[in-house]
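Student: One structure follows; several queries about it will come next.
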Amino acid sequence: MTMPVSPPTGLKTVDIVKWIATAIQLVGYGLTGMNIVPWNVFAFFAGIVLWFAVGVMWKDKAIMVVHLGAFISLFVGYLNS
């Protein structure tokens with residue numbers, strides 16, 4: 001009989017992903033404030049993808065839709081810059 005593997009702190013995988021996504025988004029804001037381009041955009045892309053994954057894990061369509069919209073907006077802006 002095998003025991004399921006879980007993070008040692010008792011956090012669920014979705015909790016870890018959402019905090020990593022949040023940290024990456026904050027880095028993106030900081031990079032934007034310091035005008036470090038295009039790394040700010042890359043950080044935002046990573047954060048958006050991770051938050052979309054959180055929406056999938058939670059089966060929360062609102063989170064998925066808002067981050068899909070953010071991804072499309074950021075991608076179109078990046079292509080036009």
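The values are calculated or read from the model by the stated rules, or taken from the named source; none is laboratory data. On a predicted model such as this, the values are computed, not experimentally measured, just so you know. Cβ coordinates were reconstructed from backbone atoms using ideal geometry, including for glycine residues, and neighbour counts include every protein chain displayed.
Residue-by-condition table, conditions (1) among the aromatic types (Phe, Trp, Tyr); (2) at pLDDT 95 or above; (3) within 19 Å of Lys12 (Cβ to Cβ); (4) in contact with a Ser or Thr (Cβ under 9 Å, 6 or more places away or on another chain):
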position	(1), (2), (3), (4)
Phe44	yes, yes, no, yes
Ala53	no, yes, yes, no
Ala62	no, yes, no, no
Phe71	yes, yes, no, no
Leu79	no, no, no, no
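Student: So the check is Cβ under 6 Å with 6+ separation or different chains; which pairs have a first residue in the stretch 40-63 that's farther than 22 Å from Tyr29 by Cα and a second one that's hydrophobic (A, V, I, L, M, F, W, C)?
Tutor: Once the first residue is farther than 22 Å from Tyr29 by Cα and sits in the stretch 40-63, its partners that are hydrophobic (A, V, I, L, M, F, W, C) give Met57/Val14.
Student: Spot the failing condition for Trp51; the list is (1) crowded, with 18+ Cβ neighbours inside 10 Å; (2) of a type in the set (Phe, Trp, Tyr); (3) out of contact with any Lys or Arg (no Cβ under 9 Å at 6 or more places or on another chain), and only one is missed.
Tutor: Result: Trp51 fails condition (3) only.
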